[in-house]
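See below for the structure under consideration.
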Amino acid sequence: MVRIGLVGCGAWGFNYINTLCFIPEVKLQSICDIKEESLQKVRKNYPNIRTTTDYRELLNDDQLDGVIIATPPHSHFSIAAEFLSQHKAVLVEKPCTLSYHEADALIKLAEKKNIILMVGHLMEYHPVVFRMQEHISQGRLGQLRYIFLERTSLGKIRNEVSVHWDLTVHDLSMVRYLVNKNPRWVSAYGVSYQQQNIYDLVSIIMEFPGDLFVQIHANRISPIKKRQAVIAGDQMTAVFDDVKDADKLQLISHSNEIIVPMFEKSLPLTNQCRHFVDCIKTKLPPRTGSADILWVMKVTELVEQSLLANGAKLYWNGNGETNVKDRGI
């Protein structure tokens, strides 16, 4: 039995609770949140789980094998660092931190303590994304030419992070998993409607070796919810629509023949939580561990700098206008 604690039980934290409680090899032992009303909801639905408003109670619990951190992004670094220092495995929600260098510091701490650090890049645990990666690696799409990802919805106003830290992290992690290369350069444009430098709409362009262009669009002011990805190769195009209930994945040939591939019917969050538990048990590095964290954080910080520089083209190798250092990723 793997004993897990949860810090943060807002809307997404409750998704973790509902998921973990149905994984047989997991005991969700303790839940922390600073809001008493959230804890009251936990007690009503799960009376056997300990609750507290002080995460240090989990920090000092020697029985805990690992902890999931689902608090607001600005708190991720400090809380994760404390749990890693106490030799507890950590799964931190995306974004891992709000800077590349903070993420790098967490990774170095996890390596020093020889403990698991994993980030919740949920889309890498989506069965459709896994199936698309199989088709790409098997050459079914041919040479990749263009990828377009769109993620929109009329979300709640977020005062703490821009949309690229909130939504596009999902798409960047997907790109990293599917392409498995570093971009040559990154450029981004955005619009702030609510407050300065908190972007509500962002468009990102990246160029990869092999003449592959990737475009990502995200906004949280659209009344239409979209979760779409188009991966175009010189032989076939994969279209992934995560809003649809059926036929989420289609392969389209150049003659417009449509194939609907089969894929495993499993929930991404369940897959992610099971993977975290397996990593705790086996001590093996997680799929969304250090290399994945640093890649996504580096691109996100390049996006941030490009936005502040009016769409400047920033180069991965550091020869452009960025001071984000590569750590051999």
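The values are calculated or read from the model by the stated rules, or taken from the named source; none is laboratory data. Computed from a predicted structure; not experimentally measured. No Cβ is skipped: glycine too gets one built from the backbone with ideal geometry, and neighbour counts run over all protein chains shown.
See the values below:
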| item | result |
| --- | --- |
| All positions within the range 212-223 that are modelled with pLDDT under 95 and surrounded by fewer than 18 Cβ atoms within 10 Å (Cβ to Cβ) | I221, S222, P223 |
| Residue match in the range 155-178 (condition: in contact with a helix residue (DSSP H, G or I) (Cβ under 6 Å, 6 or more places away or on another chain), in a strand (DSSP E or B) and either surrounded by 23 or more Cβ atoms within 10 Å (Cβ to Cβ) or basic (K, R) (or both)) | no |
| Cross-chain or 6+ apart pairs with Cβ under 9 Å, the range 172-193 first and closer than 10 Å to V296 by Cα, then surrounded by fewer than 20 Cβ atoms within 10 Å (Cβ to Cβ) and basic (K, R) | none |
| Long-range neighbours under 7 Å by Cβ, at least six apart or interchain, first residue assigned by TED's automatic domain parsing to the domain that holds S78 and more than 17 Å from D54 (Cβ to Cβ) within the range 1-23, second surrounded by fewer than 20 Cβ atoms within 10 Å (Cβ to Cβ) and of a type in the set (F, W, Y) | I17/Y46; C21/Y46 |
| Among the residues listed as L39, L64, L28, the single one being part of a helix (DSSP H, G or I), within 28 Å of the chain's Cα centre (by Cα), surrounded by 12 or more Cβ atoms within 10 Å (Cβ to Cβ) and not aromatic (F, W, Y) | L39 |
| Failed criterion for R3 (all others in (1) in a strand (DSSP E or B); (2) touching a helix residue (DSSP H, G or I) at 6+ places or on another chain (Cβ under 9 Å); (3) surrounded by fewer than 22 Cβ atoms within 10 Å (Cβ to Cβ) hold) | (2) |
| Residues within the range 67-97 that are under 17 Å from D292 (Cβ atoms) and part of a loop (DSSP other than H, G, I, E, B), tallied | 4 |
| Lone qualifier among E160, E102, E150 - being assigned by TED's automatic domain parsing to the domain that holds V7, of a type in the set (D, E) and in contact (Cβ under 8 Å) with a residue 24 or more places away in the chain | E102 |
| Candidate set from the range 44-61 (those that are touching a strand residue (DSSP E or B) at 6+ places or on another chain (Cβ under 6 Å) and either polar (S, T, N, Q) or in a helix (DSSP H, G or I) (or both)); member that is farthest from S85 (Cα to Cα) | T51 |
| Looking only at the range 270-309, and only at residues there that are free of Cβ contacts under 8 Å to residues at least 40 places away in the same chain and out of contact with any Ser or Thr (no Cβ under 8 Å at 6 or more places or on another chain), the one that is nearest to S99 (Cα to Cα) | A291 |
| Subset tally (residues that are assigned to a loop (DSSP other than H, G, I, E, B) and either crowded, with 20+ Cβ neighbours inside 10 Å or at pLDDT below 95 (or both)) for the range 182-197 | 6 |
| The listed residue being touching a strand residue (DSSP E or B) at 6+ places or on another chain (Cβ under 6 Å) and of a type in the set (D, E), out of D200, D166 | D200 |
| Single residue of L106, L149 found to be under 20 Å from the mean Cα position of the chain (by Cα), farther than 28 Å from Q250 by Cα and not in a loop (DSSP other than H, G, I, E, B) | L106 |
| Segments classed as strands (runs of 3 or more DSSP E), wholly inside the range 210-313, with at least 3 members that are touching a strand residue (DSSP E or B) at 6+ places or on another chain (Cβ under 9 Å) and over 30 Å from Y193 (Cα atoms) | 221-233, 236-241, 249-253 |
| From R140, R131, residue being touching a Phe, Trp or Tyr at 6+ places or on another chain (Cβ under 7 Å), assigned by TED's automatic domain parsing to the domain that holds Q215, modelled with pLDDT of 95 or more and within 30 Å of G233 (Cβ to Cβ) | R131 |
| Residue list for the range 6-16, restricted to those being crowded, with 21+ Cβ neighbours inside 10 Å and assigned to a helix (DSSP H, G or I) | G13, Y16 |
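Matching residues to (1) touching an Asp or Glu at 6+ places or on another chain (Cβ under 8 Å); (2) closer than 17 Å to I79 by Cα:
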position	(1), (2)
Q29	yes, no
N48	no, no
L58	no, yes
Q63	no, no
